[in-house]
Structure formats: C-alpha cells, structure tokens
1. Give the aspartates and glutamates reachable from LYS255 as a straight Cα distance under 13 Å; neighbours fewer than 8 places away on the same chain don't count.
2. How about the stretch 178-253: which trypsin sites (Lys or Arg not before Pro) there are in a DSSP loop, with at most 16 other Cβ atoms within 10 Å of their Cβ?
3. Pairs to check: LYS130/LYS243; LYS55/LYS98; LYS215/LYS276; LYS213/LYS243. Give those whose C-alpha atoms are more than 25 Å from each other in this structure.
4. Per residue, how many Å² of accessible area does the chain show with a 1.4 Å probe?
5. Given springs between every Cα pair under 10 Å in a Gaussian network model of the chain, which of ILE124, ILE39, ILE187 has the largest fluctuation?
6. Give me the percent of accessible area attributable to carbon and sulfur for the stretch 156-274, probe 1.4 angstrom.
7. What range in the chain is the longest one free of chymotrypsin sites (Phe, Trp or Tyr not before Pro) that are in a loop by DSSP and have at most 13 other Cβ atoms within 10 angstrom?
8. Within the accessible area of the stretch 23-147, what % is carbon and sulfur when the probe is 1.4 Å and the other protein chains stay in place?
Amino acid sequence: MFTISNNSYNCNDMIEANMNCGNSPLYQISQIIPDGSRILDIGAGNGILSRLLQKRHSNLIIDGIEPNSYAAKLAKKYYRNFYTGYAQNFFDLIAQEKYDYIILADVIEHIADPLEFLKKLASIISIKTKIILSIPNIAFGAIRFSLLNGNFDYIDSGIIERTHLRFFTLKTLETLISNSGLNIEKILFLQRSLFRSEIKIENLKISPFLFHKVKKDPLSFTYHFLIVLTKMFCVSEKTLLGKKDRFPFFIYLIKRHRNSPLLKIIIDIYHTIKSKRSNK
C-alpha cells in the first residue's frame, strides 16, 4: 500500500493559489457553498478547504474528518468538530447532524469500494443535504498520450497519484452515481492546458493526427470533474470552465524542439514580424 509523505501536507501557499484559480476544484466549491451553511469536509487533509471557505464566508459551521493523523493535527484548529479516522467509522455521527453540504474533494478515488460508500452515505443524510465531489479525469489528454507511449507511472500528486485506488472517466463516474441512488444536480468540467499537468507531453512521441483527435474531444481537456449530488430528482446542469489549447500540436513542436537552431530562427522571425505589425 502506498502512503503519502507528511511533507506533502506542509503547504502554506495553497490558499492563495486556489483563491486565484478559477478552474481549481476548491475555488469552485467555495463559490457553490452559500454563507450560513453547515458543512462536513470528508478527507480534510491539512484543512485547506476550511481555510479557503472561511476567507470567503463569515458564517459557516464546518466539521472535518481525516484519516492521516499528521494532517489531522494540522487541520483540526480550522474546524468546529474534527474526527481522526475514516468516514465509515463516523456514519452514526454524520447521521445525527443536519449538514447542508458534505464535501468529498478528491476522496472517492482513494476508497476501495466507492459505490458501497456512496450508497451508505446517501442512506443516512437528509433529503436536503447535498454532496459535492471533485474527481480527477483519467481520460485527460496528457494521460491518453502517456498510455499510447506505453507509460503509466505513479507519481506524488495529480491524476495518477500513487495512493489512488480507483480511476474514473465521465461514463464510469455517471454509472457510479446512478447506482448509488443519487442524482447529478450540477457538473462542472474543469479544463486545463495539456501542457499544465504532471505529464510532460513534450517528452513523448505524438503524431499530429493524435493531437487532432484529442482536440475534437472536450473531455480531453477536462482535468477534474466537480459534481453536486442530491437525493432529489433534478435536471442536470453542465458547465465547461477553463480554456483548452487552440493549437496544441504547434505548442508541442515548440516545446519538444526548443533547442533546435532552426526553431530559434523561426521564432525570431515571428517576433520580428509581430513587432513590425504592432508598430504600424
């Protein structure tokens, strides 16, 4: 079993980074939750979500659960009640509270049986309680390119972070939610450049035809899914957030051949032409 290093929880600059990043799951969660809410943060980590929410709101009640004892020590001062352990061990306590929102931010991919977990959670919450999930997309374009090059290397953070037990595409995620008895009220597709991930695609061999195929699929640029779930029947609202790369193959060529003398000449000519046009 892989474990997360304690050092990974010592990140004090994450608040500002998420405050200013519109396609960050934590930023979007802070936008969705209204003032005055009662919240349970499952998998609270070092408490970053609570700290972010309290920067944006002045009237929240936030409880937290975190299995890592080191992270729990860092986080507990930012919560009303804090429980160290796995959420499954505290279902009786969760059932007693009337939470408005239960947040699972990058959590279910760490659970051995996410279907059983969501079914049990859905059975103990009130009809008014909403569950917010953020889940990385295993079909992100950079992961597709990496697999086509024969690579699937676990790393310390990101979509293929070494402690992930489950991986989800949109289809498998929708199936999981449907089987749990919950309904999707809102789904945000948080998009990211293919060149801004843990996979350095400029080091891979990729044909222009593959880039063309990937560019045609918006899900290739979706790094995270952010989903609001409810027990009530509803019509799902879908939103794309963030910009995909307009010319990914040309960016790839520039990055892959950045030390090429010919490429430097082409770039110099481009900048010269651009400068002359701007001076007219």
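1. Straight-distance partners of LYS255: GLU202.
2. Filter output for the stretch 178-253: ARG196, LYS200, LYS205, LYS216, LYS243, ARG246.
3. LYS130/LYS243; LYS215/LYS276
4. 54 Å²
5. Checking each option, the largest mean-square fluctuation is seen for ILE124.
6. Carbon and sulfur together cover 61 percent of it.
7. Counting at most 13 other Cβ atoms within 10 Å as exposed, the longest clean stretch of the chain is 3-151.
8. Carbon and sulfur: 48 percent of the exposed surface of the stretch 23-147.
The values are calculated or read from the model by the stated rules, or taken from the named source; none is laboratory data. Because the structure is predicted, anything quoted here is derived from the model rather than measured. We place every Cβ from the backbone using ideal geometry, glycine too, and count neighbours over all the protein chains shown. These accessible areas exclude ligands, DNA and RNA; they are computed on the full protein's heavy atoms, side chains included. Shrake-Rupley method; radii C 1.70, N 1.55, O 1.52, S 1.80 Å.
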